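Report on one structure; see the data block that follows.
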Amino acid sequence: MATLLRSKLSNVATSVSNKSQAKMSGMFARMGFQAATDEEAVGFAHCDDLDMEHRQGLQMDILKSEGGEEGAEPLEGDIHYQRDGTGPLPPSASKETGVCSELSGQGKPKITAWEAGWNVTNAIQGMFVLGLPYAILHGGYLGLFLIIFAAVVCCYTGKILIACLYEENEDGEIVRVRDSYVDIANACCAPRFPTLGGRVVNVAQIIELVMTCILYVVVSGNLMYNSFPNLPVSQKSWSIIATAVLLPCAFLKNLKAVSKFSLLCTLAHFVINILVIAYCLSRARDWAWDKVKFYIDVKKFPISIGIIVFSYTSQIFLPSLEGNMQNPKEFHCMMNWTHIAACILKGLFALVAYLTWADETKEVITDNLPSTIRAVVNIFLVAKALLSYPLPFFAAVEVLERSLFQDGNRAFFPNCYGGDGRLKSWGLTLRCALVVFTLLMAIYVPHFALLMGLTGSLTGAGLCFLLPSLFHLKLLWRKLLWHHVFFDVAIFVIGGICSVSGFIHSLEGLIEAFRTNAED
């Protein structure tokens, strides 16, 4: 009974803490911001809630094992959920997504269209826009056209992906029958392969998340090396230092501590973009309009395609976002204005930056800034990259643990959590190995543009272009108008060509980089 009393007091304290955090979030929402969001954090926004349910469920299991009395008043939270995934999910949780179990939204505060738009803006206006001027270097005006084209296509595929969540019931009403990208994929592969589609989506998502982590390490080493070129520290050494700072991520249990910095990081990034544009405008008289080409670099332009596509990736979390909107009918309008704004801002940023430095444009545009400004801007960017790293890392770990260690009888390996819910030593070792893997990739392939292009061509094009159009045709083809069928087929074909071309050229660049590093 004493243990039960302590547990109830702990739950009360947690509830009070959650209410105070909700008030702060509401204040930020009224100011037009969504607290605890980041360009990579949006897809994992509900993981903290599930983490609380995990711990409460484990707490009840411990109490029961200690011989709790039958008929005792149950604790708040999920009393069924087990870490090994064998217990039923709570009523507030829907089927498993690629990132974390999405909440159905019942009993949860809904978000407005403006807040949803802020989330999407964070996802497609992240720090990876710093590579867009490099895409213009190899694509010229066609690169600008692709920024516009990618915005239009990603907006369209986001809408048709949401359409795949709904079906018409017997009464002729349109109802939501699916909750996530994984559900859509599984529905398309049923009945022969009911789980194949979800696994494909999960693999693509894991690749994208891990590659995002690698990009953060690469950009951190690159920025620090170019900020302090006089120091006897190489870019590889800076990457090792950054990874040493990130190693505690292996011990993460939840993202509450990290999410508090998300809003500040996002605002800092917008300030940095404004500083870069302001410097470029101060040199408007020297802009090299004659350097913007109408022809493309055939060998390097496919890499630019991947860079542009990667900067628009947001489809993976759209089902969760739409499900948590107060008025889901406003989703289409929200997608329109967010992608129009992103298209304009990205196009202007890429063009203005390229006109300023022309053929001297580097992979990360801040490296072109004068040394006095570059050091300050780059330090802020490194801080943002290091604070953003835990988000995709934690999500990748969640997907790997759930699919390989916690998938009930279908798990490939024994559960990495003990009976008390604590992570086993070898499970912690695997987490540390994942951090070290991102370091090794950053050391052997320290090329921001190549890695970004490869990720965009492989998983970005697949998740944003190929799969949504394919799923739309498969699930709703009987109800589609001819122009929808034409658009879906065209997007699938064009996206497939761009994806294969970009992947091959990016892979060739990576192989060449491996050879160069091996010779050194």
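Condition first: farther than 17 Å from THR121 by Cα, among the β-branched types (Val, Ile, Thr), open to solvent by 20 Å² or more (accessible area, probe 1.4 Å) and assigned to a helix (DSSP H, G or I). Can you find one or more residues in segment 361-370 that meet it? So that I can check it myself, show each step before the final result.
Keep residues of segment 361-370 that are farther than 17 Å from THR121 by Cα, which gives 361-370.
Checking the rest, the ones that are also among the β-branched types (Val, Ile, Thr) come to 361, 364-366.
Retained after the next criterion (residues that are open to solvent by 20 Å² or more (accessible area, probe 1.4 Å)): none.
Looking through segment 361-370, none of the residues is farther than 17 Å from THR121 by Cα, among the β-branched types (Val, Ile, Thr), open to solvent by 20 Å² or more (accessible area, probe 1.4 Å) and assigned to a helix (DSSP H, G or I).
The lone criterion from (1) under 25 Å from ALA204 (Cα atoms); (2) hydrophobic (A, V, I, L, M, F, W, C); (3) in a loop (DSSP other than H, G, I, E, B) left unmet by LEU318 is number (3). Flag not set for TYR134, criterion: of a type in the set (Phe, Trp, Tyr), open to solvent by less than 50 Å² (accessible area, probe 1.4 Å) and modelled with pLDDT of 90 or more.
Here's the yes/no breakdown for (1) more than 17 Å from the chain's Cα centre (by Cα); (2) surrounded by fewer than 24 Cβ atoms within 10 Å (Cβ to Cβ); (3) within 21 Å of LEU351 (Cα to Cα); (4) hydrophobic (A, V, I, L, M, F, W, C):
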position	(1), (2), (3), (4)
HIS138	yes, yes, yes, no
ALA150	yes, no, yes, yes
GLY158	no, no, no, no
ASP179	yes, yes, no, no
ASN202	no, yes, no, no
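The residue list LEU355, LEU387 contains one member that is at pLDDT below 85 and either more than 23 Å from the chain's Cα centre (by Cα) or not acidic (Asp, Glu) (or both), which is LEU387.
The combined condition, being within 21 Å of ILE124 (Cβ to Cβ), open to solvent by 50 Å² or more (accessible area, probe 1.4 Å) and modelled with pLDDT of 80 or more, is not fulfilled by PHE503. When the helices (runs of 4 or more DSSP H) confined to segment 434-520 are screened for residues that are without any contact (Cβ under 8 Å) to a residue 60 or more places away in the chain and closer than 28 Å to GLY221 by Cα, those reaching at least 2 such residues are found at 482-519.
Identify all residues within segment 162-192 that are of a type in the set (A, V, I, L, M, F, W, C) and farther than 17 Å from LYS329 by Cα; write none if there are none. Once the filter is applied, which keeps residues that are of a type in the set (A, V, I, L, M, F, W, C) and farther than 17 Å from LYS329 by Cα, segment 162-192 yields VAL182, ILE184, ALA185, ALA187, CYS188, CYS189, ALA190.
For segment 220-248, which positions are polar (S, T, N, Q) and either at positive phi or part of a helix (DSSP H, G or I) (or both)?
Scanning segment 220-248 gives SER220, ASN222, ASN226, SER227, GLN235, SER237, SER239, THR243.
For ALA433, the criteria (1) at pLDDT 85 or above; (2) small (Gly, Ala, Ser); (3) open to solvent by less than 30 Å² (accessible area, probe 1.4 Å) hold in every case but one, which is (3). Evaluate the following for TYR225: is it among the hydroxyl-bearing types (Ser, Thr, Tyr), open to solvent by 40 Å² or more (accessible area, probe 1.4 Å), at pLDDT 80 or above and over 25 Å from LEU345 (Cβ atoms)? Yes. Given the criteria under 23 Å from PRO392 (Cα atoms), open to solvent by 30 Å² or more (accessible area, probe 1.4 Å) and not basic (Lys, Arg), does ILE316 qualify? Spelling it out, ILE316 is indeed under 23 Å from PRO392 (Cα atoms), open to solvent by 30 Å² or more (accessible area, probe 1.4 Å) and not basic (Lys, Arg).
The values are calculated or read from the model by the stated rules, or taken from the named source; none is laboratory data. Given the structure is predicted, the values throughout are model-derived calculations rather than measurements. Positions of Cβ are generated from backbone atoms using ideal geometry, with glycine treated the same way; all protein chains shown enter the neighbour counts. Just the protein is used for accessible areas: all its heavy atoms, side chains included, with ligands, DNA and RNA removed. Shrake-Rupley method; radii C 1.70, N 1.55, O 1.52, S 1.80 Å.
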